[in-house]
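What follows is a short report on a single structure.
The values are calculated or read from the model by the stated rules, or taken from the named source; none is laboratory data. All values derive from a computational prediction rather than experimental measurement. Quick reminder, even Gly has a Cβ in these numbers, built from the backbone with ideal geometry, and neighbours come from all protein chains shown.
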Protein chains: 2
Amino acid sequence: MGASTKQGHDIALKSRKIVRSLIGDKTNHLSAKEKTIVERIVHSTADVEYAELCQLSKDFVQNSLLSLKNNRDILTDIKMVSVGINKHSGEVKCFIDHPETIKLAKEYEITRAAAAMQYAAESNFSGMVVIGNAPTALYKVIELVEKGLMDVDSVIGVPVGFIGAAEAKNALKNTKIPYMITKGPKGGTPIAVAATNALIGLNQDNLKEDPL
Amino acid sequence: MGASTKQGHDIALKSRKIVRSLIGDKTNHLSAKEKTIVERIVHSTADVEYAELCQLSKDFVQNSLLSLKNNRDILTDIKMVSVGINKHSGEVKCFIDHPETIKLAKEYEITRAAAAMQYAAESNFSGMVVIGNAPTALYKVIELVEKGLMDVDSVIGVPVGFIGAAEAKNALKNTKIPYMITKGPKGGTPIAVAATNALIGLNQDNLKEDPL
């Protein structure tokens, strides 16, 4: 679970057991890999409600793992999400502070998080998209993918907030994009980071089992 | 609320109104400044439970604002917290990846988050401490302050998790350190960042009103 010392590792193991005991009955419908993702989210937030809020499309895990295996990039909406992502063999990109993003935001009168997605598409980004905060960024990704302007393997779409977050996540569910969302207004950085790092861990497990 | 575009600003304003309507009856015991902090936490997490989980010592806001006014430093346990903090006029420090931290963690068989606090004390850090994740870091800060080895103005102690987080926060409550905590296992990066940025905003409001 990301711990790098013996004490950290012991804490993570004990926590995992507690999480399983708390949410086991709510995750029976999930595959083993999907469970790993949801358990890590509950471990990271200490919020058992996420066991019921997480929704994953049937093709989400497979597409995300293929993306990671091929060392494709990860694009995040904000820096807090990108610095939380560990051990990815491709690049982790975040354009929220990029001068071109700031220019696009002004030109189109959109949020910087949305402009960052547009700039990523213009820079030929391809890979997995992780939106931990901004509904406007998620809407922009959906728009770009549906116009054929962005090459996206899967989307972790867990923006947070009372304005537009639930609606943006519902919009993602109604696309053909492989997705993970959290129902309703809740979500945020720790959920985005936990889901991404769980997938990176699963990819590493796969590579150990099948190094070719 | 940190938004830098008109659309972002409009969303933040609407959200603030919704947050007030949702938690207004749970924050009557708080001062106006304390309410600002708690509202920002609920805005950032879309989790109204935080209105009841946040506890602030009577001297927390005053001591934190004095620390910020004097441009003293902010120390965080992990990078996700430090990159989320905006517009602080002092330095925002995080030593989790520092070579000396890694050395100390090995030498004393402690977590890197705890070792980072020890290294900060050895480097004569002084200012506000913000712990968003690791209970072990919070215990270490308490130990260092009580031994007179660390100069701390206030602590935002909101580590998260089922192992030790609630206990560490209770331990902080039983010190003389000005504190903000979240009761129980819940807490984390967005809570730590929201509380810190709310304080930075309050400090800026103070400076506008009284520029001398």
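Data table
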item	result
Test set (1) touching a Gly at 6+ places or on another chain (Cβ under 8 Å); (2) closer than 27 Å to A:LYS87 by Cα - A:ALA168 fails condition number	(2)
Any hit, segment A:20-33, residues being within 14 Å of another protein chain (Cβ to nearest Cβ) and in a loop (DSSP other than H, G, I, E, B)	no
Selected residue [free of Cβ contacts under 8 Å to residues at least 40 places away in the same chain and over 15 Å from B:PHE162 (Cβ atoms)] from A:ALA51, A:ALA12, A:ALA32, A:ALA46	A:ALA32
Number of positions in segment A:105-118 that are within 24 Å of the chain's Cα centre (by Cα), farther than 16 Å from A:SER82 by Cβ and of a type outside the set (S, T, N, Q)	4
Counted residues, segment B:71-90 - those being more than 18 Å from B:ILE41 (Cα to Cα) and either exposed (fewer than 14 other Cβ atoms within 10 Å of the Cβ) or acidic (Asp, Glu) (or both)	4
Breaking point among (1) surrounded by fewer than 24 Cβ atoms within 10 Å (Cβ to Cβ); (2) of a type in the set (Val, Ile, Thr); (3) closer than 18 Å to A:ASN71 by Cβ, for A:ILE142	(3)
In segment A:95-129, the residues that are among the aromatic types (Phe, Trp, Tyr) and without any contact (Cβ under 8 Å) to a residue 24 or more places away in the chain	A:TYR108
Selected residue (criterion: nearest to B:LEU66 (Cα to Cα)) from residues of segment B:148-178 that are surrounded by fewer than 24 Cβ atoms within 10 Å (Cβ to Cβ), in contact with a Ser or Thr (Cβ under 6 Å, 6 or more places away or on another chain) and away from chain A (no Cβ under 14 Å)	B:ASP153
Qualifying position, being touching a residue at least 40 places away in the same chain (Cβ under 8 Å), in a helix (DSSP H, G or I) and under 16 Å from the mean Cα position of the chain (by Cα), among A:LEU68, A:LEU75	A:LEU68
Filtered residue count, segment A:40-56, keeping only those that are of a type in the set (A, V, I, L, M, F, W, C) and more than 14 Å from chain B (Cβ to nearest Cβ)	2
Of the criteria (1) within 13 Å of another protein chain (Cβ to nearest Cβ); (2) within 27 Å of A:THR189 (Cα to Cα), which one B:LYS106 fails	(2)
Residue ID - modelled with the highest pLDDT, chosen from residues in segment B:112-138 that are among the hydroxyl-bearing types (Ser, Thr, Tyr) and assigned to a helix (DSSP H, G or I)	B:TYR119
Matching entry among B:THR182, B:THR189, B:THR196 (being surrounded by 23 or more Cβ atoms within 10 Å (Cβ to Cβ) and at the interface with chain A (Cβ under 9 Å from one of its Cβ atoms))	B:THR189
Test for B:ILE37: is it more than 12 Å from chain A (Cβ to nearest Cβ), part of a helix (DSSP H, G or I), within 13 Å of the chain's Cα centre (by Cα) and under 17 Å from B:VAL193 (Cβ atoms)	yes
Qualifying residue in segment B:73-83 (condition: more than 14 Å from chain A (Cβ to nearest Cβ) and either farther than 22 Å from B:LYS176 by Cα or of a type outside the set (A, V, I, L, M) (or both))	yes
Unmet requirement for B:ALA113, which otherwise passes all of (1) on the phi > 0 side of the Ramachandran plot; (2) in contact with an Asp or Glu (Cβ under 8 Å, 6 or more places away or on another chain); (3) of a type outside the set (Ser, Thr, Tyr)	(1)
Selection within segment B:139-188 - closer than 20 Å to A:ILE11 by Cα, part of a loop (DSSP other than H, G, I, E, B), over 11 Å from the mean Cα position of the chain (by Cα) and touching a residue at least 24 places away in the same chain (Cβ under 8 Å)	B:VAL160, B:GLY161, B:ILE163, B:GLY164, B:LYS183, B:GLY184, B:PRO185, B:LYS186
Hits in segment B:91-111 - residues which are surrounded by 16 or more Cβ atoms within 10 Å (Cβ to Cβ) and modelled with pLDDT under 95	B:ILE110, B:THR111
